[in-house]
Amino acid sequence: MAGLTLGLSCGSAGGSAEILLLEALRSAESDGAVIELVRLDDLRLPSGPDPQEPDDAWWFWERLVGCDAWLVSAPIISRSVPGRLKLLADRLLGPNADAAIIEALLEIRRAGEEPAVPFRVDERVLKPRVAGLIACGGALTPQWKALALPVMHTLAFSMHIKVVDQMLVGGAGTPRSVVLDEQAVARAAALGHNVASQLGRTWEDADYLGAPGLCPMCRLDVVVLSGRDVECATCGARGRLTDACAIEWTDLSTSVISMHEKREHYREIVQTAQRHGALHDLIEERAAPYQDTPYLVRPGE
């Protein structure tokens with residue numbers, strides 16, 4: 001099915017992460033997808049006290065809400081992904097991109113009212129999308145790569161984008177050296193075909209076509225143990241450790257990937273705002289002593 005597939009290259013131009021992304025994009029194109037490629041390093045992304053600088057975040061937002069599939073490829077740095085990719089996620093993919101929040105605010109507008117919270121309401125967030133994730137690093141051992149794909153999932157869950165394939169590559173420790181790994185290049189091509197095959201499908205109807213993983217929601221293997229209680233560290237699905245040291249998943253609704261948990265989170269936000277609104281004067285009174293601090297130092301002073 002034809003559709004727009006947006007590729008986001010988060011490493012060096014022509015580097016290993018981009019090579020794998022291009023292989024995936026070419027496969028998607030051969031299946032009929034329309035392709036756009038954005039390099040993260042081309043985006044001007046001011047943060048904090050830099051609002052007057054040129055800002056490409058919302059230009060990228062238009063690319064994102066217009067696409068049917070999103071392929072993201074990132075190098076692994078310090079066990080995770082580049083800080084600029086996390087900055088992009090922080091700038092764009094919070095409440096403004098949360099499918100449950102947008103759903104609720106649109107319902108308020110349909111009732112003839114205006115939302116009380118100052119979020120942007122962009123109905124295009126609710127368009128069905130699928131995604132493929134690629135993380136590429138130099139290390140051969142798993143402990144140096146363990147946080148990359150979990151962090152990359154933060155790019156997908158708020159907009160309820162279904163991750164239908166994901167891959168983790170090691171051994172590409174010098175520039176462009178991933179071309180020596182024929183299996184990795186072929187796997188990237190397969191990922192592109194897999195993503196293209198799910199274009200246009202809703203979250204419920206899209207099939208996950210990657211490696212299985214422990215968690216039935218995000219399909220990753222990073223978990224938190226508290227006695228026998230298990231929680232997926234990537235998405236929050238819950239389970240129990242059995243006597244056979246297997247995980248019995250008991251509550252998938254707590255996963256941030258699920259619309260149920262997104263809707264619960266929206267209700268929590270509203271309830272917290274209402275509770276704190278009633279205590280506004282007390283909050284201001286108690287916060288006042290922290291407004292001016294004698295400890296502050298600034299660059300150039």
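Looking across Leu6, Leu22, Leu37, one residue alone is in contact (Cβ under 8 Å) with a residue 60 or more places away in the chain, under 22 Å from the mean Cα position of the chain (by Cα), under 30 Å from Leu180 (Cβ atoms) and not in a loop (DSSP other than H, G, I, E, B). It is Leu6.
Here is a list: Val195, Val224, Val178, Val230. Which entry is of a type in the set (Val, Ile, Thr), touching a residue at least 40 places away in the same chain (Cβ under 8 Å) and over 16 Å from Lys145 (Cβ atoms)? Unique residue meeting the criteria: Val195. Summed over segment 209-264, residues that are over 20 Å from Lys162 (Cα atoms) and of a type in the set (Lys, Arg) total 2.
Among residues of segment 178-209 being hydroxyl-bearing (Ser, Thr, Tyr) and assigned to a loop (DSSP other than H, G, I, E, B), the one that is nearest to Lys127 (Cα to Cα) is Thr202. Scanning segment 224-237 for residues that are part of a strand (DSSP E or B) and surrounded by fewer than 17 Cβ atoms within 10 Å (Cβ to Cβ) turns up Val224, Leu225, Ser226, Asp229. On inspection, Phe60 does not qualify as assigned to a loop (DSSP other than H, G, I, E, B) and among the hydrophobic types (A, V, I, L, M, F, W, C).
Kindly provide the set of residues from segment 63-81 that are crowded, with 20+ Cβ neighbours inside 10 Å and not in a helix (DSSP H, G or I), ordered by number. Cys67, Asp68, Ala69, Trp70, Leu71, Val72, Ser73, Ala74, Pro75, Ile76, Ser80, Val81, listed by residue number. Of everything in segment 66-81 that is of a type outside the set (A, V, I, L, M, F, W, C) and in contact with a Leu (Cβ under 8 Å, 6 or more places away or on another chain), the residue that is nearest to Ala196 (Cα to Cα) is Asp68. For segment 238-273, the candidate set comprises residues that are touching a helix residue (DSSP H, G or I) at 6+ places or on another chain (Cβ under 7 Å) and either part of a strand (DSSP E or B) or charged (D, E, K, R) (or both); within that set, the residue that is nearest to Ser158 (Cα to Cα) is Lys262. Here Arg129, Arg109, Arg91, Arg84 are screened, and the one residue that is surrounded by fewer than 16 Cβ atoms within 10 Å (Cβ to Cβ), in the same structural domain as Pro150 (by TED's automatic domain parsing), of a type in the set (Lys, Arg) and in contact with a Leu (Cβ under 9 Å, 6 or more places away or on another chain) is Arg84.
The values are calculated or read from the model by the stated rules, or taken from the named source; none is laboratory data. Model, not experiment: these values are computed from the prediction. When we count neighbours, we look across all protein chains shown, and the Cβ atoms used for this are built from the backbone with ideal geometry, even at glycine.
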